[in-house]
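Encoded as structure tokens, the structure appears first; notes follow it.
Read-outs throughout are calculated quantities, based only on the coordinates presented, and are distinct from any laboratory measurement. A quick note: this is a predicted structure, and the numbers were derived from the prediction, not measured. Neighbour counts are summed over all protein chains in view; Cβ atoms, including those assigned to glycine, are modelled from backbone coordinates with ideal geometry.
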Amino acid sequence: MANTYTNLRYKYWPDHIFGELLQKQWMETVVPLLVLVITALYFSSRIDNFISISNLADTLRQASELGFVVLGMSLVLIVGGIDLSVGSIFALCNLTVLYCMNVLQLPVGATIAIGLLMGGFLGGINGFLIGYMRMRAFLTTMVTLIVFQAVHLMLNFKLAVAISSALPDSDLWDFIGSGSILSIPFVVWVFALIAIASHIFLTRLRSGWRVMAVGGNRRSAYNVGLSVNRIVALSYVASGVFVAISAIFYASRLASAGADTGKGLEITVLTAAILGGIRLGGGKGSVTKAVLGTLIILLITNGLLRLAVPAGASRVILATILLLAAALDIRWFKNRHKAVEEFYVSPSYLELPQLAPDATGPASAYALNDRLRHVETIGLGEVEAPEDVILDEEDNLYCGSRHGEIIRFFAPDYKRHEVYARIGGQPLGMTFDDKKNLYVCVGGMGLYRVTSDRKVEKVTDETNRSWLSVVDDSRLRLADDLDIAPDGRIFFSEATVRYEMHEWPTDSLEGRGNGRIICYDPRTNKTTTVLRNLIFPNGIVISSNRQSILFAESWNCSIKRFWFDGPKAGQVEFVIRDLPGYPDNINRASDGNYWLALMGMRCPAFDLAMRKPAFRRRMSKQLPGDEWLAPNINTGCIVKFNEQGQILDVLWDEGGVNHPMITSMREHRGYLYIGGISNNRIGRLKLDGADRTFVSSRHAYV
């Protein structure tokens, strides 16, 4: 009863979803979005018609004007700085624009150009001092705030009367301030275009990536050759231009040159940026977050104004919100990784068939022997991690290496070898097609092809995403083994969609259906997922009926059949349910049966642990990864079986000396060639009575 409850609890309560959600980058945007919704609901409950269609245009207008300044502040924060002088820059740009338009009566285009130049110049002062003179951003912008504010007060005292006594006669100027297109204020259209351009800049252009890199780690950015000083300085220039754009729209709408223009703007803008999720430490941020922060702070300031909260109290409230947001920013980014670790590894309940006490005893089909103890070795010490091996029709031997290379050993003695191709990643399963192209599953990269003239080509590195999964499973993380159907379709396994190549032991700890079978069709160049929720699917082979594949589920210790064609298309059935070890690659034998590699053996302790998800979770939290309970993968075995699941032969290296972990084997011209991802050699064993015309690279249906 207890096991049934545990099984149901871990099957239908998806713990792993919390970890998946926490690590998503868009989760950082969800938080300010929720804050925006809560803020809107709160003030709507306190104020009648707080959010209404009639007020929407005015709200969007204010949000856009404020949003320009927030975008500028966000850029400075992303690059790792801060700008407390935005309020003073705003006031000076506003005064400059009004003087040019009202007093000098310059054309609108010239006025806008002068305003932008003024913003860029003032931002450039900050940029020069901080970027090139390497002064502290906080102290520098505090000083420039005071200086710019003093200059504004002096100029405003002299020019205010002249500005207020003359109004420009320009329809274009009036349209900029109050005009609309399709009932939407003109300023909103401009802000939307600039926001989209800014998003593209930060996410799609190298210049934006460099800004992110400088903000993330200036020393590393400098070491890779980025001009850190110039990037920092230009960020402040851009911030000044953004502030000037806001001031131009403000001036055209209100024509106000008051002495308190821009006062406290830096607190409002900084609060908006941090509330939106722009990180104070630099290197993190987005336009979406800046927009959300702008809307949040606008709702708060408008709400406080509608509630008749005094101006001083409003500033105290904004300052308090800023302090809380800054504290949350620091604590969240400091502890987010710990939170992800706490929830991401999510063991499930997995009950394997009972392992008999004499599973490998003399009377068992898996009876121990030592037939692999003295196999011939090839490339001893000359190759690392040959997970799979295959031979061509000229008897040359191919294997992958830990260094991302395909190594070719030349027949007949296999003493001489060369790097056949450099792919990268960790080459795993391999197979030849009828055109002598070598297809390779590469851990962390996907499915690749080495043509007959040794050109490396990417075949596919993504598949169709599951709409019902929170896991972003379109990218291939751990393509494992493959085989080619008679019509050219390539079926290959992806062991896990949650972990990278080097993290596969963690997937064994989970025991969850994180894997899938994928099909690539060269006729349409499309990749589709044909089977999901498998427990570390591994070896794959096309069966003799040409309508199904046999595949291994490693942590489930089973072999299954999937029908991809014929009357049973789409069905899955067991071939072997209760292997005594963890299956890996499957390949054809010359007599029509199949060879199977067992990369390790089951043990009662690990079987019991797989039925105790809570125990495995505590272990993963309290012990370092190299001390976790792990499956036994230091005893290798090769099994021959038929399509009915009967065990026909077994080959052991009982002492685990010559081939301690076997992940693949290929029969070729009367010999069995053996690979292992933890080995530094390839084994070769002569098979008595085998068909000496059987070639491993030639498909059974050819």
Next item on the list: Just rank Phe615, Phe491, Phe242, fewest to most, by other beta-carbon atoms within 10 angstrom.
Entry: Phe615, Phe491, Phe242
Next item on the list: First select every other residue whose beta carbon is under 12 angstrom from the beta carbon of Asn658; then total the charges, Lys and Arg +1, Asp and Glu -1.
Entry: 0
Note to self: How tilted is helix 27-46 with respect to the longest principal axis of the chain? Cα atoms for both, answer in degrees (0 to 90, nearest 10).
What the structure shows: 40
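If you take the C-alpha gyration tensor of the chain, multiply each eigenvalue by 5 and take the square root, what semi-axes do you get, largest first, in whole Å?
Values: eigenvalues 885, 144, 99 Å².
For the chain, the ellipsoid semi-axes come out as 67, 27, 22 Å.
Pairs of alpha-carbon atoms within less than 8 angstrom and 6+ residues apart define the contacts here; what relative contact order does the chain have, in percent? Walk me through the numbers on the way to the answer.
On the way: 1482 pairs, mean separation 86.3, N = 702.
Reported as a whole number, the value is 12 percent.
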Next item on the list: Between beta-carbons, use under 10 Å as the cut-off and find the net charge around Ser474, counting Lys and Arg +1, Asp and Glu -1.
Entry: -2
Checklist line | Estimated inter-spin distance, Tyr132 and Val103, nm [label 7 Å along Cα→Cβ] | finding: 3.0
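I need to check one value: relative contact order of region 15-341, counting alpha carbon pairs closer than 8 Å and at least 6 residues apart, in percent. Walk me through the numbers before you get to the answer.
Details: 471 pairs, mean separation 109.2, N = 327.
Relative CO of region 15-341 lands at 33 percent.
Determine the sum of side-chain charges near Leu372: Lys and Arg each +1, Asp and Glu each -1, restricted to other residues whose C-beta is under 14 angstrom from that of Leu372. Don't jump to the answer; show the numbers that get you there.
On the way: positive: Arg371, Arg373, Lys640, Arg681, Arg684, Lys686; negative: Asp370, Glu376, Asp649, Asp653, Glu654.
Surrounding charge for Leu372 is +1.
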Margin query: Using a Debye calculation, one point per C-alpha and no hydration shell, please list log10 I(q)/I(0) for region 181-310 at q = 0.17, 0.23 Å⁻¹ in order.
Written below: -1.09, -1.57
Next item on the list: Would you please report the Å³ per residue occupied by the convex hull of the alpha carbon atoms in region 513-621?
Entry: 132
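Can you sort Thr496, Thr377 by how many other beta carbons sit within 10 Å, fewest first? Walk me through the numbers on the way to the answer.
Values: Thr496 26, Thr377 17.
In order of increasing Cβ crowding within 10 Å: Thr377, Thr496.
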Next item on the list: Quick one: dipole size for region 571-702, taken about the Cα centre, charges +1 on Lys/Arg Cβ and -1 on Asp/Glu Cβ, in debye to the nearest 20.
Entry: 440
Notebook entry, point to check: What does the highest-first list of 510-516, 476-482 look like by mean Cβ count within 10 Å?
Noted result: 476-482, 510-516
Check: Which value, in debye to the nearest 20, gives the size of the charge dipole of the chain about its Cα centre, when Lys and Arg are +1 and Asp and Glu are -1 at the Cβ?
Finding: 1700
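Among rounded, prolate and oblate, which fits region 607-666 when a ≥ b ≥ c are the square roots of the eigenvalues of its C-alpha gyration tensor, a/c under 1.5 means rounded, and a/b larger than b/c means prolate?
oblate
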Next item on the list: Give the shape of region 15-341 as rounded, prolate or oblate, defined through the alpha-carbon gyration tensor: a ≥ b ≥ c are the square roots of its eigenvalues, a/c under 1.5 means rounded, and otherwise the shape is prolate if a/b is larger than b/c and oblate if not.
Entry: oblate
Item checked: Proxy reagent accessibility, fewest Cβ within 10 Å first, across Ser235, Ser52, Ser198, Ser314 -> Ser52, Ser314, Ser198, Ser235
Item checked: Which of Thr635, Gly120, Ile542, positive extreme of dipole for the chain (C-beta unit charges) -> Gly120
